[in-house]
Amino acid sequence: MSSHIQLPFVSASEAPTPRVVHLVKAQDAKTIAGLLGEHASFLTAQGFKAKDGAFTLLPGDGGAGAALLCVDEGRLNDPTAFGVLGTVLPEGDWSLLPHGMESAVQETALLGFAMGTYQYRVGVVRSFTTRLVVPDDAATVIAYAKANWFGRDLINTPANLLGPQDLALSAYRALENRGADVRIVEGDDLKAAYPCLAEVGEGSERKPAVVVARWKAREGAPRLSLVGKGVCFDTGGYDLKPAAGMLRMKKDMGGAALLLAVMCAAIDLQLDVDLELRLGCVENSVSGHAMRPGDVLRTRSGKTVEIGNTDAEGRLVLCDLITEAAESAPDYIVDAATLTGAARVALGPDLPAVFSNSDELAQLLLESGSDTADALWRLPLWHGYDAWLDSKIADVGNITSKPMAGSITAALYLQRFVPEGQKWLHIDTYAWNDANSPGRPEGGETLALRALLKMITNIRRSS
């Protein structure tokens, strides 16, 4: 899917006479006045004010001859600061002209335009009447934009069109086309290798699948193992979600979509890394075969888990995959999942929660998020809450009896499957935009995509 994504970009040779979009710092009154020229009074009367996000068309022969976008100088690294271009530019080909800005701003603006242009409709082939000219050396922004669109497409696809097997096949095709070693584990092989994950999928007629992939730039490159939750729809199981809570549950594979998009972009950019990827593709449904509250499940690690709530299934999917990832002792393990509503209560929809047993790894990701305006927020793996997960009849419970600290205890559950000394980081994401905003249309979102790719660019072998 991602290999065939067409972006709203055009080469200079294909667009010899584009109109210009002037990108100006909102604080640069002199440049703005010069560009407005004799039209300043008219545009001011129409309500134009030089502030962050202000956009106007500049008159020319026969209509709009150019455009102007003002951006606060503190947001020049943020693609969403330029996202409005995706919805307000008239038809035609346009080129970007930054004024008094570093060259990197052009890539940021191109990415923001692509993010803002994105739309999803079932069965509709995208076509573009408004395009931006990209320079010849735009490989990075193209890879980031394609990854963003690919992840969004997967998250936005209705669950009847993207079941576990469909998600696994999409991942297989995207990665095999890029030269990765990739396989799909299913059936009896899956039950033997991932017994806990298999139990989550027992309630659905659409059986689970696990994607296992590997790609490395070179021997000796830093080895990073990615683990993604791919619950294609989550009813909650016997602990059934209310109707309102089920409406967006096609997005419960957002962690898998994010990490698949990250790996695709990393390969496209030939980043200096040795990447592994495991995606647990499954559906949490209700049937006579579904797991029940009170059941005790066996995991790949040998630990047993008492099911306190069937709607806490994501951690059951991840624990087997984390166990397998750790068996080869990679430098780092990073998992991503739409794991808890508690993380959203704590941080809202825009900030994925980060948990890690490695200050070094957590700091690298947080700094990467700051550099790319793709923010995350670290929460503690508070050891005092770990005992809340104890079970009287199994090694661990999948929930606690406490109505608090749900995102922390979910992360603590996962940590029980991380061996001593293994550096690990967990991302609890929302994977969704609740409403339209510049660069972030309502629907599926690859939160932390840019941060993760920046982190991979800077990652080093674990000491």
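Bear in mind these aren't lab numbers, they're just calculated from the coordinates by the rules spelled out. Keep in mind it's a predicted model, so treat the numbers as computed, not measured. Cβ atoms come from the backbone with ideal geometry, glycine included; neighbour counts cover every protein chain shown.
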Give me the distance in nm between label points sitting 7 Å out from Cα along the Cα-to-Cβ direction at residue 64 and residue 121, one decimal. 2.0
In region 394-463, the GluC sites (Glu not before Pro) that fall in loop regions by DSSP, at most 14 other Cβ within 10 Å: 420, 442
Spelling out what I want: for every residue of region 127-132, take phi, set θ = phi - 60°, compute 6.51 cos²θ - 1.76 cosθ + 1.60 (Karplus), and round to whole Hz; glycine and proline get x. 9, 10, 9, 10, 9, 10
Using alpha-carbon coordinates, inclination of helix 104-117 to the longest axis of the chain, degrees: 70
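Give me the dipole magnitude in Debye, nearest 20, for region 1-65 about the Cα centre, with unit charges on the beta carbon: positive for Lys and Arg, negative for Asp and Glu. Walk me through the intermediate numbers first.
Details: 5 positive and 5 negative charges, 45 e Å.
Here region 1-65 has a charge dipole of around 220 debye.
Can you tell me the FRET efficiency between residue 39 and residue 393 if r is taken as the Cβ-Cβ distance and R0 is 60 Å, rounded to the nearest 0.05?
Values: r = 76 Å, r/R0 = 1.27.
The value I calculate is 0.20.
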Students often check this: by mean Cβ neighbours within 10 Å, which of 277-290, 235-248 ranks highest, and how do the rest follow? 277-290, 235-248
A 20 angstrom limit on the alpha carbon distance is what I want to check against. Which of 207/229; 216/251; 251/402 exceed it? 216/251; 251/402
Would you be so kind as to identify which of 26, 424, 236 lies farthest towards the positive end of the dipole of the chain, taking Lys and Arg as +1 and Asp and Glu as -1 on Cβ and the Cα centre as origin? 236
Spin-label model distance (nm) - residue 383 vs residue 345, 7 Å beyond Cα toward Cβ: 2.6
Take the Cα of residue 128, step 7 Å along the line toward its Cβ, and report every residue of region 14-53 whose backbone nitrogen sits under 14 Å from that point. 14-15
Quick one: Debye curve from the C-alpha atoms of the chain, no solvent, what's log10 I(q)/I(0) at q = 0.08, 0.09, 0.10, 0.13 Å⁻¹? -0.48, -0.60, -0.72, -1.12
Cleavage-rule hits, trypsin sites (Lys or Arg not before Pro), region 69-147, DSSP coil, Cβ neighbours within 10 Å at most 16: 121, 126
Under a Cβ-only charge scheme (Lys and Arg +1, Asp and Glu -1), can you give me the dipole magnitude of the chain about the Cα centre, in debye to the nearest 20? 340
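For region 2-117, with only Lys/Arg (+1) and Asp/Glu (-1) charged at the beta-carbon, what is the dipole magnitude about the Cα centre, in debye rounded to 20?
Details: 6 positive and 12 negative charges, 51 e Å.
For region 2-117, the charge dipole is close to 240 debye.
Relative contact order for the chain using alpha-carbon pairs under 8 Å, separation at least 6, rounded to a whole percent?
Working: 1060 pairs, mean separation 75.2, N = 463.
It rounds to 16 percent for the chain.
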Of 294, 105, 261, which is farthest towards the positive pole of the chain's charge dipole, taken about the Cα centre with +1 and -1 on the beta-carbons of Lys, Arg and Asp, Glu respectively? 294
Suppose only helical runs count, i.e. DSSP H with n ≥ 4. What mean residue ellipticity at 222 nm does that imply for the chain under -39500 (n - 2.57) per run, divided by all residues and rounded to the nearest 500 deg cm²/dmol? -9500 deg cm²/dmol
If you take every residue apart from residue 444 with its C-beta less than 12 Å away from the C-beta of residue 444, what net charge results, scoring Lys and Arg +1 and Asp and Glu -1? 0
